[in-house]
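Trainee: The structure's right below; bear with me while I get my questions together.
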Amino acid sequence: MSMKLQDKFKMMADYSCLACCYLEMVGITDERKPFFILEGMRHGFLSEDCTVVKPIEFIGLTGNENYKNVIKQTEYNEDKPVIARFVKNGYNHFVIVNGRTKKVIYNSLEKSNCVDNGVIESYRVLV
């Protein structure tokens, strides 16, 4: 049995930070992100808990075909936007940072304990 719409909204509220970051990286506004996240879930590119299982296919839903792969790295120092996974006490949150300065460029939350008090554990680099 698949989840009902409001259950999906709850999952999106709590667990869609990486999906939001991928969409932000390809220029999708916050107002349009829920549509693409629901579509990603419908197509199986995101799991029911909003885990991104097929990032390139998910990005492809937006019509953007500029990227062929996502590489997970522990270091990234280029002066351009990159998705960073912050961790703190077993929790994590994805945001977009400048790869050189580590300054947050995009955060789907107003406040995040992971970002404020945690450390960057890894990066997701679109290539």
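Trainee: Can you say whether Gly63 is of a type in the set (Gly, Ala, Ser) and either under 30 Å from Gln6 (Cα atoms) or surrounded by fewer than 16 Cβ atoms within 10 Å (Cβ to Cβ) (or both), as far as the supplied structure shows?
Mentor: yes
Quick grid of which residues meet (1) among the hydroxyl-bearing types (Ser, Thr, Tyr); (2) farther than 23 Å from Asp30 by Cα:
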position: Thr62; (1), (2): yes, no
position: Lys68; (1), (2): no, yes
position: Thr74; (1), (2): yes, yes
position: Val82; (1), (2): no, no
position: Val95; (1), (2): no, no
position: Arg100; (1), (2): no, yes
position: Lys103; (1), (2): no, no
position: Val115; (1), (2): no, no
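Trainee: To continue, here is another question. Could you list all residues from region 81-127 that are part of a loop (DSSP other than H, G, I, E, B) and either β-branched (Val, Ile, Thr) or exposed (fewer than 15 other Cβ atoms within 10 Å of the Cβ) (or both)?
Mentor: Asn89, Gly90, Arg100, Thr101, Lys102, Lys103, Leu109, Glu110, Lys111, Val127
Trainee: Another one. Among the residues of region 54-75, is there at least one that is touching a residue at least 60 places away in the same chain (Cβ under 8 Å), of a type outside the set (A, V, I, L, M, F, W, C) and closer than 16 Å to Cys17 by Cβ?
Mentor: yes
Trainee: Identify the single condition in (1) over 13 Å from Arg124 (Cβ atoms); (2) part of a loop (DSSP other than H, G, I, E, B) that Tyr67 does not satisfy, given that it satisfies every other one.
Mentor: All conditions pass for Tyr67, except number (1).
Trainee: Six or more apart or on different chains, Cβ atoms under 6 Å: show the pairs whose first residue is in region 10-21 and in a helix (DSSP H, G or I) and whose second is of a type in the set (Phe, Trp, Tyr).
Mentor: Close Cβ pairs (under 6 Å, with a partner that is of a type in the set (Phe, Trp, Tyr)) amount to Cys17/Phe94; Leu18/Phe94; Cys21/Phe94.
Taken together, the values in this text are just the output of simple stated rules run on the coordinates, not laboratory data. These numbers were taken from a predicted model, which means no experiment stands behind them. Cβ coordinates were reconstructed from backbone atoms using ideal geometry, including for glycine residues, and neighbour counts include every protein chain displayed.
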